[in-house]
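The values are calculated or read from the model by the stated rules, or taken from the named source; none is laboratory data. Remember, it's a predicted structure, so these values are computed and weren't measured experimentally. We place every Cβ from the backbone using ideal geometry, glycine too, and count neighbours over all the protein chains shown. The area values use the complete protein model at the heavy-atom level, side chains included, leaving out ligands, DNA and RNA. Shrake-Rupley method; radii C 1.70, N 1.55, O 1.52, S 1.80 Å.
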Amino acid sequence: MHIFKSPNFDFVRWKWHAIALSWVIILAGVFVIWTKGMPKGVEFSGGTIVLVRFQQPPDLDRVRGALPGGGANAVVQSYGDPARHEVSIRVHSREVEAGASLSNTAESVVEALNTNGLGPIAPASHLCASPTEFNCVSGRRIVGPTVGAELQQRGILATVFALGGILVYIAFRFRFSFAVGAVVATIHDLLITLAFLAFFKHELSLNVIAALLTITGYSMNDTIVIYDRIRENMRSMRRDNLATIVNSAVNQMLDRTMITGGLTLLSVIALFFFGGEVLKGFAFTMIVGIITGTYSSVFIAAAIVLIWQGKAPVKVAPAAPVAPGRAAGKPANKSGKRRAS
Amino acid sequence: MYKNLRWKLLSIAAVFVVFFAVGVYPMLGAHFHLPVPEALQSRALKLGLDLKGGVELRMRVNTDDALKTTTTSTAEALRASLATSNITPMINVTSPMTFRVEGVPQDRDSQFRTASDEVTATDYDRNPLPAGTYEFKMKPNIERDQREQAVDQTMQTIDRRVNELGVVEPSIARQSNNEELLIQLPGVSDVAHAKEIIGKTAQLEFKLVEAGPASKEDLLKQYNGNLPGDLEILPGSGGDATGAFYVVKKIAPVTGSDLRVAKPGLDENNQPAVHFELKPAGAPKFGKLSGENIGRYLAIALDNKIISAPRLDGRITDQGRISGGFTAESANDLALTLRSGALPASLTSLEENVVGPSLGADSIRAGVLASLVGLMLILGFMLVYYKLSGINAAVALIFNLVILLGLMAYLGATMTLPGIAGFVLTMGVGVDSNVLIFERIKEEIAAQRGVRAAINAGFSRVLMTLLDTHVASLIAAAFLFQFGTGPIRGFATTLSIGLFVNLFTSIFVSKTLYDFELSRRQVPALSI
């Protein structure tokens, strides 16, 4: 069974269009982030914790749903002695001044709970008087970010070093132009994904960071697989120019690209629709990232190798002996015609 | 040709059973109330704060401690500077931010002012009081910076300590008045022990002994009841009714911040002890201290209690040992706290609470359901698209998942959402490996090869590709682990383990299954 029968698409022809499209999206993303800022989750910006004590053990997901935006950006946890039915709700409190925000935020949380039928909770100005009083706010405090400036810097540093390591490895295993292509493609995927996060106003939370790391890994994997086939074709199709070699490699791998990308996408889409509100940001980032990652390994990573190498003839070491018997009896195929269906 | 096949199959089955027992069975057991043996229970995969909840500690950083340290050392520096010009007034630290100098001779006043300008002018305001007395008060902006720094440093130190404790992803946040910390520890069972390790100041100091050990009264008598300003009396670690006290120099030339390594070990009497090595900057200081004072005693003080006071027998430069009534566990704890550095200030525990998972039970249930749906879709597609060969892929993927869970449980890793992200990526790479191999086999068959040759060529050719993708990802994961923190490390751990497991399952397991099928009958055409 094949998805494509002998595909022979001229991907290389579209490289400049693809690069232009990517620039448009990235610049639009930069513009949006520049003007509106990248919204950050409570892990990064800090916020207010409101402790609410309910009469009955509350359904945490109903509590979360009652908060503005479906509570996607809030952290809701059960808290303390189970007998007191206490819930800790951590939300943003950025728009208001520090002094006023504490009570304002607490009031708006109480209001949101009451309008959604989880109350009646007494106004936050009245704190629970005794351990046995219920339906009241038992505490509120401002907290700083759990991911402080130092941890953010270390995270960025780690990513930069990781990219550097990959650059060196690919330059060593393939050639320098391939390494540049892979790293540029990876940065491209991160930027495009960030742009989409900004377009759809998703906050940068720890979950989203995890997803960003995942798509970096995914994109890297995808790029190297295609590079590997390009390298192999450079040996078997020595008379062809690089554009033809790249095209045939992408076409030969098209079934695999579609299946792997499609299946991974499928499982992430399942997460998006059935994974609940909290995982939406994670799943959304993954969906964008997988599509971008697949697109970039075809259109960006390979294109950069082509552009970098220019029209210079490709020098290749004499065909390395791969598996015994390999290459023998196999004609130097023209692009895409290798696969008999 | 297939003489090893039986052994391969048996070892694969054994691996599966072992990791299933370690990683999956305890989870199923907890869910469906099955009996789980104690040994497996204790090894069960730990879940992080976001999936399971944990303990929340609220602690206050007593930043006065840090100010007092600064003030004391400034006062001592002033004393030393004055001593060189033969002025010896009384210097007393009166509060964390102030110290007082009494008895500056009238005729040496200008000399005193010059000396004090040099030592204190940047950080302290000087107020003249009557009768040759001056009060030095820390400047408000310096005070603010110092307090800020103390809290920051405390957060970092706690983070390091908790990481060493094996609680993989603590969450530490400042709150309200900026001197309170909210520390959440996932999956902690021994709260008291965790609190002890977090809260231990671990201020290690090496101070020269002037007199002792003796009772406090006897020591004071030696100084006619009036201790010189640069000396202090510290209790021994047993220091209560037994009453061993020492007179030591106030200033410690070498402190815990000069340590590079601290690890538990044994002393010459085979008693638990802590071995340490000094940083390049600390070694000359220690060499000078020990070289100039051969024959004297050196007090090793931890949080102002003297653990031991060995005699200096020779010049010591870069390493040494702390012994004195440790148990193996307390030596271990001390080494851990020394490695992670001293807290600049002590902590007061304010509150301790149990918190539920931040993702919420319903979200977790939904997430697990979604993952299972995703996995089913993948397996279903593989079976439909690759027909019988799809069974190989399905087996390889399920093995991948089971071994990964088992290994993580065995290594004591904590499962959090970033870890799950690592899982998703591993599964994606796992699917990709199988697809790559199968597509390659199809190509080989299309090129008119026999079934056996096509399978062999498929696996051997794809091996290089897989090595490239896996090694590149491993390099990235290694950097993320080394330089990242908390969640990034969690991701890197899962990914690295997953990559190794995937090489095993997609190449070894899948190939063995093909070998098994081919060994049973002559296959004219491959179902792929």
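Overview of values
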item	result
Accessible surface of B:HIS31 - all protein chains present, 1.4 Å probe, nearest 10 Å²	130 Å²
Sequence of B:VAL36, B:VAL162, B:VAL354 from largest to smallest accessible area, 1.4 Å probe	B:VAL354, B:VAL36, B:VAL162
Over chain B - Rg/Rh using Cα atoms and the Kirkwood inverse-distance radius	1.14
Partners for B:LYS511 among lysines (Cα-Cα distance below 23 Å; same-chain residues under 8 apart left out)	B:LYS3, B:LYS8, B:LYS387, B:LYS442
Full-stretch length increase - B:ARG260, B:GLN448 - with 0.36 nm per residue and alpha-carbon distance subtracted	61.3 nm
DSSP-defined antiparallel bridges as percent of all bridges, the protein assembly as shown, nearest 5	95 percent
Net lengthening on full extension, B:GLU352/B:SER42 (0.36 nm per residue, minus Cα-Cα)	109.2 nm
Rel. contact order, % - alpha carbon contacts under 8 angstrom, at least six apart, segment B:1-110	15 percent
Compactness relative to 2.2 N^0.38 Å, alpha carbon Rg of segment A:1-154	1.55
With Cα atoms, 0 to 90° folded angle of helix A:206-236 axis to chain A main axis	0 degrees
MRE, 222 nm, helices only [DSSP H, n ≥ 4, -39500 (n - 2.57), over chain B, to nearest 500]	-17000 deg cm²/dmol
Kirkwood Rh in Å, taken over segment A:168-296 so that all alpha-carbon pairs contribute	15.7 Å
At least 27 Å along the helix axis (C-alpha) and Kyte average at least -0.5, DSSP helices within chain B	B:63-84, B:361-386, B:389-411, B:417-446, B:451-483
Cross-link reach list, lysines versus A:LYS40, counting only Cα pairs under 26 Å and skipping chain neighbours closer than eight places	A:LYS201, A:LYS280, B:LYS52
Other protein chain Cβ atoms within 10 Å, averaged over every residue that makes up B:413-426	5
Relative contact order (%) - chain B, alpha-carbon pairs under 8 angstrom, separation at least six	19 percent
Using a Förster distance of 51 Å, the FRET efficiency for B:THR327-B:SER527 (Cβ separation, nearest 0.05)	0.20
Taking the convex hull of Cα positions in the protein assembly as shown, its mean projected area over all directions (nm²)	46.7 nm²
Percent breakdown of C-alpha pair distances by 10 Å bin, ordered from the shortest bin, for segment B:365-495	11, 35, 33, 16, 4, 0
Burial order of peptide ranges B:102-108, A:43-49 (average beta-carbon count within 10 Å, highest first)	A:43-49, B:102-108
Helix-only CD estimate at 222 nm, as mean residue ellipticity for chain A, using -39500 (n - 2.57) per DSSP H run (n ≥ 4)	-18500 deg cm²/dmol
Relative contact order for chain A, counting Cα pairs under 8 Å that sit 6 or more residues apart, in percent	25 percent
Chain A: angle of helix A:242-252 to the longest principal axis, Cα-based, in degrees nearest 10	60 degrees
Local electrostatic count, B:ASP152, Cβ distance below 12 Å [Lys/Arg +1, Asp/Glu -1]	-3
Average projected area [Cα convex hull, segment B:13-110], square nanometres	13.6 nm²
Formal net charge of residues neighbouring A:ILE33 (Cβ-Cβ distance under 14 Å; K, R +1; D, E -1)	+2
q = 0.28 Å⁻¹, segment A:6-66: log10 I(q)/I(0) [Debye, one scatterer per Cα]	-1.13
Largest-first ordering by accessible area, 1.4 Å probe, given options A:TRP16, B:TRP7	B:TRP7, A:TRP16
0 to 90° range, to nearest 10: angle between helix A:15-36 axis and chain A longest Cα axis	20 degrees
Equivalent ellipsoid semi-axes - Cα gyration tensor, chain A, angstrom	54, 20, 16
Solvent accessible area, Å² - B:PHE20, 1.4 Å probe, full protein context	70 Å²
Whichever lysines have a C-alpha closer than 27 Å to that of B:LYS305, once near sequence neighbours (fewer than 8 apart) are set aside	B:LYS68, B:LYS195, B:LYS200, B:LYS207, B:LYS216, B:LYS221, B:LYS249, B:LYS250, B:LYS263, B:LYS279, B:LYS285, B:LYS288
Förster radius 22 Å - calculated FRET efficiency between B:VAL17 and B:TYR410 (Cβ-Cβ, nearest 0.05)	0.95
Peptide B:430-437, shielding by other chains (average Cβ, 10 Å cutoff)	5
Zero-based 5 Å bins, Cα pair distances in segment B:387-440, whole percents	5, 18, 25, 22, 14, 10, 5, 2
Estimated inter-spin distance, A:ASN8 and A:ILE156, nm [label 7 Å along Cα→Cβ]	5.0 nm
At R0 = 30 Å, FRET efficiency that the Cβ-Cβ distance of B:ASP303 and B:LEU220 yields, to 0.05	0.85
Accessible area in the full protein assembly, largest first, 1.4 Å probe, for B:MET27, A:MET234	B:MET27, A:MET234
